[in-house]
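Take a look at the structure below.
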Amino acid sequence: MAAAKAPSDSDWHLLDKSVAGRVLRPGDAHFRSSSSPFNKRYAAAAPAGVLAAADVLDVRRAVEWARETGVPIVPRGGGHSYAGYSVNSGLVVDLRALGEVTADGSTGLVTAAGGASMAAVYAALEPERIAFALGNGASVGIAGLTLGGGSAATSRRFGLTADALVATTLVTADGELLTCDAERNADLFWACRGGGGGNFGINVSFTYRAFPVSGAATCLLLWDGADAAKVFAVLQEVMRQAPQECSIRLGLSTTGSGVTVSAVGMHLGSAAELRDLLDPVLAVARPLREDIADRTFWEAKDYLAHETSEGAFAARTNFATDPLPPDAVEEVLARLGRRPGGSNPDGGGFALFGWGGAVNEVAPADTAFPHRHANYLVSMDTSWGEQDGPDAEATHVRWLTGLREALAPHMAEGAYVNFTDPDLADWRTAYYGANYPRLVEIKRRVDPAGLFRFPQAVGS
């Protein structure tokens, strides 16, 4: 790779002339919509240019141009990186025009272009009545979800998004187009199943094996914070013992006016079966709101859909094998009561996502995603707004760090790379565990000069 330098106007002009898409520079229409970070914690970040790629050839030419000029390059699909890694200071390749999705119910195979969104994938799946583990936000990109593992309400039954992947095609640092599967470029295929987005190239196509789906049931239960101890004592065990068809997210949240306990979930079965599973917790604490209902699978995924509010946020993750003991739940409640105030309506919270099932049936070294041992994915978060003042970020991050440290004795090793944490010091081990050395080896082979780089890039 050539020595890094600031590209001249003529360099940008050459890129613009070589592609079918459009090169956008600061001040151009649509520049900010193509490069604005999802997490407003990084609102000041802006690239020197954006390529709104029209096709795969555009992606290849962008990679070649970046290699020749020494300009950092990053792909952007949904742009949902928690750490703002979908934007850099150089060239952002906006893949959203590469959004085609095809699905075949007779074979169960689904092919999605690298810029496809959840909305586009679901739209192709529904007529075929097939599905695999997918995100619950319409604008989330399939690429980042897959490359970082990809957990969903159906993962205990179907595995991770990465587990459904049977092939992917990517543009590597040398501008080549490589198709990877279990037979071709098998090491790179392994790395693309949980090794994190943006590390090994720009993925322009994914093929998945999906599963037939029909009916489902959902639940939404809300309790006052005073019932947290009783709910956690019972529902954590329900989550751990539940059949693979059932997945529940148990959470505590606050916006500064008290704590709410919530249980949200999907069961690939009937509402009667789901109610039977939930009876133990309903017997010890009557919810303020109780909604357990039969739905089609497609109604259920819409019911569970969630979009994060605009604003700045930070998140920490861990995994847990055992239920949190009562003293740990009390510690979380106490710390939520001391969470710094903020104007972001998302507030702050703590959640246990149902893990295990089919996720844990894959050996940790069979894919790059190593976290195949837990019963819960643990997530902690806090948010703030622009009007909360210059010290808001530091104050909220300090509070979040304290919460994670207080719960550390109850956590297993690991953190979820798709909930990227830029403040995580031990990210190499936390994200990738014993798989990290193999990822570094693959990275050095396919990107020896480190063209694809960011603060938590493999090999950095």
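Laboratory data are not the source of any read-out in this text; all were calculated from the coordinates shown. In this text, all values refer to a predicted model and were calculated from it rather than measured experimentally. Because the Cβ atoms are built from the backbone with ideal geometry, glycine has one as well, and the counts that use them run over all protein chains shown.
Using the alpha-carbon atoms, what tilt in degrees (0 to 90, nearest 10) does helix 392-407 show relative to the longest principal axis of the chain? With rounding to tens, the tilt is 60 degrees.
Using the number of other C-beta atoms within 10 angstrom as an exposure proxy, rank Lys443, Lys40 with the fewest first.
Ascending Cβ contact count within 10 Å gives the list Lys40, Lys443.
Label point 7 Å out from Leu220 along Cα-to-Cβ: which residues of segment 306-326 have amide N under 19 Å? Counting backbone N atoms under 19 Å from the label point, the list is 306-310. Computed on segment 101-212, with alpha-carbon pairs under 8 angstrom and 6+ residues apart, the relative contact order is 32 percent. Counting neighbouring Cβ atoms within 10 Å and putting the fewest first, the residues Thr296, Thr395 line up as Thr296, Thr395.
With all pairs of separate Cα atoms included, segment 215-432 yields a Kirkwood hydrodynamic radius of 18.1 Å. Based on the alpha-carbon gyration tensor of segment 377-460 and its eigenvalue square roots a ≥ b ≥ c, which shape applies: rounded if a/c is under 1.5, prolate if not and a/b is larger than b/c, or oblate? Since a/c reaches 1.5 but b/c is at least a/b, the shape of segment 377-460 is classed as oblate. The fewest-to-most ranking of His13, His373 by surrounding Cβ atoms within 10 Å reads His13, His373.
Out of segment 291-362, which trypsin sites (Lys or Arg not before Pro) are coil in DSSP terms and have no more than 12 other C-beta atoms within 10 Å?
Arg338
Once the Cα atoms are used to define both axes, helix 271-284 deviates from the longest principal axis of the chain by about 60 degrees. Per-residue ellipticity at 222 nm, computed for the chain from helices alone with -39500 (n - 2.57) per DSSP H run of at least four residues, works out to -8500 deg cm²/dmol. The equivalent ellipsoid of segment 101-212 has semi-axes of 22, 14, 13 Å, largest first, where each one is the square root of 5 times an eigenvalue of the Cα gyration tensor.
By the rule of a C-alpha distance below 15 Å, with chain neighbours fewer than 8 residues away ignored, the aspartates and glutamates paired with Lys230 are Asp279, Asp327, Glu330, Glu331. Overall, the ratio between the Cα radius of gyration of segment 9-94 and 2.2 N^0.38 Å, rounded to two decimals, is 1.00. Beta bridges assigned by DSSP with both partners in the chain are antiparallel in approximately 90 percent of cases.
Using the Cβ-Cβ distance between Ser89 and Glu361 with R0 = 41 Å, the FRET efficiency computed as 1/(1 + (r/R0)^6) comes to roughly 0.45. Our estimate of slack between Ser460 and Asp426, defined as 0.36 nm per intervening residue step minus the Cα-Cα distance, is 11.0 nm. Each pair of Cα atoms in segment 362-410 enters the Kirkwood radius, and Stokes-Einstein at 37 °C and 0.692 mPa s then converts it into a translational diffusion coefficient of 240 µm²/s. The GluC sites (Glu not before Pro) of segment 353-428 meeting both criteria, a DSSP state outside H, G, I, E and B (loop) and at most 15 other C-beta atoms within 10 angstrom of the site's C-beta, are Glu413. If the segment from Ala43 to Arg240 were pulled out straight at 0.36 nm per residue, it would be longer than the present Cα-Cα gap by 67.0 nm. Rounded to the nearest 10 degrees, the inclination of helix 228-241 to the longest alpha-carbon principal axis of the chain is 70 degrees. Report relative contact order for the chain in percent, whole number only (criteria: Cα-Cα under 8 Å, sequence separation at least 6). Here the relative contact order equals 15 percent. Taking label points 7 Å from Cα along the Cα-to-Cβ direction, Ser33 and Glu386 give a separation of 1.8 nm. Dipole of the chain computed with +1 at Lys/Arg Cβ and -1 at Asp/Glu Cβ about the Cα centre; of Val71, Ala182, Val56, farthest Cα towards the positive end is Val71.
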